[in-house]
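The next block holds one structure in the form of structure tokens; read it before the comments.
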């Protein structure tokens, strides 16, 4: 029993000792000063106290300790928004610093004029302190102060910032800024890294910006190209804005402009990227209004001065992921590539590389997707051209086939015996049709009036051959419009072959109808299709029509051929891009 009791006390003493040892670092961390050693690269000054500066234009008289209050724990900072203030903290130098290291003091995003005091001695001034906005003159945005080795002696030193801030014209306040102490090498490296990142982003995005802007004007102003171009321009402007102070002596108040522009860029990006996916994946456009409403409400009521970037980055990723998930479910083209880009963007978000990481990743992936679409489109166009060339040759053979020529020559002989003038007209019509076919067969599109003339010429030839009366009426035709060659000619020829074996009169009607989504051509006739025989909807003629339509309107056309109350009709629908 005694051995067990001694063991219990030993265990308790061990636990107490362990707790004390664990608490030692916390106690050190809670020490109310900023500790610097020879190995310090950079620290952010903390443990600030604040006091009102009642005589800002006189020699600094340090207020008594009772006048100072701890800064950083107040729930309401509004009383510090503007005016004249004194900020102080202490720096403890633990050993002799490396004489070869050059240390400096680097104020960051402090929108004010200020003087800097080291152990009660004024060592620097940035701007001119005033008691109102007229007297006050802003300092330089990129200001830094060399700390000489004379100042950096081992021991504890007091730093006081005498602040004048009467130009509070933004939600951004001076106390959102920071004061860094560190080596010049570390600060220059950080600045260079930020600049490299910004210029890499600008270089990566400038080419897709111009390319998509060109595509917007070259491809019938497709909205998705304009949206993507604006997204690239937005990220370029965001990166360029951060570099302006490196190329000009910007005042400290330049951060006001940065603050508002960064917020504007962030909110606009959160709207444009999901809207781009809505157009890319052909989602109902009314969802864009919902996206705009949600994002504006979140930006206005659920974000703060320092949280808007991360919050809106999360929103745009969530919305884009939902849209892309829907596209994946529907097996929409390029949805897999976009999904991979979004996965990488989520990783960038969780590693606090939100706006730049998301925008750059998505631009690269979307550019790759567009390149894939163009490669696929070029391949399809090449195949369509080969099909059209083959169909063109077959059509020429069909129109000058021995059967057609023999029947036409026989008709000419008959008309020569009966009526020489009619024979001459038949020869002229036949020659005119062959001439037009030879001129247009190799073209991708021809004026619709030329196609109508070709149809009328063919009806005249067949009328002479059969001793019949065939005519073509047109309705609401836009004479400035172009169509693939011989598509209506082929339909007229099929209709004559299958619907007028027993009829000596016939009327064909070509009607055009247009709305906001498509253009529709309806070619109808009054042929006799009461028998089983009907125009071939799967033979060579229809294959030719479909091949020509695909060549001119890839993926945007439909053909419907069916019986109608008066005969037969074929409806060609061409959807807008």
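The values are calculated or read from the model by the stated rules, or taken from the named source; none is laboratory data. As the structure is a computational prediction, the values presented were derived from the model and not from experiment. Here Cβ is always computed from backbone atoms with ideal geometry, including for glycine, and neighbour counts include all displayed protein chains.
Pairing residues of segment 226-253 that are touching a residue at least 24 places away in the same chain (Cβ under 8 Å) with residues that are in a strand (DSSP E or B) and surrounded by 14 or more Cβ atoms within 10 Å (Cβ to Cβ), at Cβ distances under 8 Å and at least 6 apart in sequence or on separate chains, gives 249/140; 250/140; 251/140; 252/113; 252/126; 252/140. The one condition from (1) over 30 Å from residue 72 (Cβ atoms); (2) part of a helix (DSSP H, G or I) that residue 221 does not meet is (2). Of all residues in segment 436-483, those being touching a strand residue (DSSP E or B) at 6+ places or on another chain (Cβ under 8 Å) and either closer than 21 Å to residue 546 by Cα or not assigned by TED's automatic domain parsing to the domain that holds residue 502 (or both) number 11.
For residue 489, the requirement of being assigned to a helix (DSSP H, G or I), closer than 18 Å to residue 571 by Cβ and modelled with pLDDT of 85 or more is met. Here is the figure for segment 147-175: residues that are in a loop (DSSP other than H, G, I, E, B) and closer than 14 Å to residue 83 by Cα total 5. Restricted to segment 263-353, the set of helices (runs of 4 or more DSSP H) holding at least 2 residues that are within 20 Å of residue 239 (Cα to Cα) and in the same structural domain as residue 242 (by TED's automatic domain parsing) comprises 308-329, 335-350.
Checking the structure you have, find out if any residue of segment 252-275 is on the phi < 0 side of the Ramachandran plot and touching a strand residue (DSSP E or B) at 6+ places or on another chain (Cβ under 9 Å).
Filtering segment 252-275 down to residues on the phi < 0 side of the Ramachandran plot leaves 252-275.
So of that shortlist, the ones also touching a strand residue (DSSP E or B) at 6+ places or on another chain (Cβ under 9 Å) come out as 252.
The answer is yes; a qualifying residue exists.
Is it true that residue 216 is over 17 Å from residue 280 (Cα atoms), assigned to a helix (DSSP H, G or I) and either over 17 Å from the mean Cα position of the chain (by Cα) or touching a residue at least 12 places away in the same chain (Cβ under 8 Å) (or both)? In short, no. Of everything listed in (1) surrounded by fewer than 18 Cβ atoms within 10 Å (Cβ to Cβ); (2) modelled with pLDDT of 90 or more, the single unmet condition for residue 117 is (1). I'd like to know if segment 348-360 contains one or more residues that are closer than 30 Å to residue 517 by Cα and without any contact (Cβ under 8 Å) to a residue 60 or more places away in the chain. Within segment 348-360 (the criterion being closer than 30 Å to residue 517 by Cα and without any contact (Cβ under 8 Å) to a residue 60 or more places away in the chain), the answer is no, since none of the residues qualifies.
Quickly run through segment 44-90 and pick out the residues that are surrounded by fewer than 11 Cβ atoms within 10 Å (Cβ to Cβ) and over 22 Å from residue 135 (Cβ atoms). If the condition is that a residue be surrounded by fewer than 11 Cβ atoms within 10 Å (Cβ to Cβ) and over 22 Å from residue 135 (Cβ atoms), then 64, 65, 66, 73, 75, 76, 78 are the ones that fit.
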